[in-house]
Amino acid sequence: MTDAQPLVLAAALLDALDPLPHPRRMAELASRARRLADQGVLRPVLEELADGDPYERRIAVVAAAVGRDTEWIGAHLTDEDRVVRGHALRAARSLGVPDEVYEDAFTDAPAAVRRQLVRAIARDGRTALADRLLPALRAVWGDAEAARLLPGCSAAVVADLLPGLLRSVDGWSSLGHHHPGPLLDAVAAELAALPAAERDGWWHWYGYDGASPQPRGPSRTGCSTSWSSTAPRASPARSTAALGTSPPPTPPASPGCS
């Protein structure tokens, strides 16, 4: 433990970093952050920096990540500075910030911050947390908010809740990437329940404008499932066939499929 005051240590850190070009600055910051952590004084230095200007606060979040201050990182998942917030959300995965911290973060977070939290939960594979949060998000902020969390949920939860949330989904590519099977099943079931004359209206509801010459929506090919980044903007005739809502030609078996 050093006897120097946190204000003095923070000032010394900033003075050392100031003349350096960016790559050397980051290397020096990492070295000094580890040293402060080993000396047991990183937290008070972080608090000093957090009271400073945006540059100082951004130095603080990088130092906290390198110094592995999990609690400080968790406390800044909803920081008002988007750069600090972004660094904290990226560091939270490797530092093992508990799920409960994310749950608490939703309480007073504005919409833009909630969207970042949702993306981080899906990206970091916090499936149990997503399953637990979705009903609460739906009850408080509605179907559109809940639908954004579906990519991070388990397949069972998606299969159960997606039929009721399908028309609120706006992240088709993300949901299709994480859960192509349940998404295709929900689309196929909804189309199959419609009279043939109403299916064009269904596609128009989801943004198909008839202008795309190529099938760019959901499809099952051979023994795999694929989903494009522009789904569901696919040709209604060709995509309903791919989904099984009208009889498609039987494809030849692909080698290795079972």
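The values are calculated or read from the model by the stated rules, or taken from the named source; none is laboratory data. These numbers come from a predicted model, not from an experiment. Cβ coordinates were reconstructed from backbone atoms using ideal geometry, including for glycine residues, and neighbour counts include every protein chain displayed. We work out accessible area using only protein heavy atoms, side chains counted, and drop any ligands, DNA or RNA first. Shrake-Rupley method; radii C 1.70, N 1.55, O 1.52, S 1.80 Å.
How much of the accessible area of segment 118-186, in percent, comes from carbon and sulfur atoms when a 1.4 Å probe is used? Mind showing how you got there, number by number?
Numbers: 1560 of 2820 Å².
Its accessible area is 55 percent carbon and sulfur atoms.
Rounded, prolate or oblate, given the Cα gyration tensor of segment 1-155, with a/c below 1.5 counting as rounded?
Numbers: a/c = 2.57, a/b = 2.42, b/c = 1.06.
Verdict is prolate for segment 1-155.
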Handout entry: Inter-centroid distance (Cα atoms) of segment 162-207 relative to segment 29-77, Å
Key = 46 Å
Handout entry: Radius 14 Å from Cβ of Asp51, net charge of other residues (Lys, Arg +1; Asp, Glu -1)
Key = -4
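When Lys and Arg each count +1 and Asp and Glu each count -1, what net charge do the other residues less than 12 Å away from Ala75, Cβ to Cβ, add up to? Each step should come with its number before you reach the end.
Details: positive: Arg43, Arg85; negative: Glu47, Asp69, Glu71, Asp79, Asp104.
Result for the neighbourhood of Ala75: -3.
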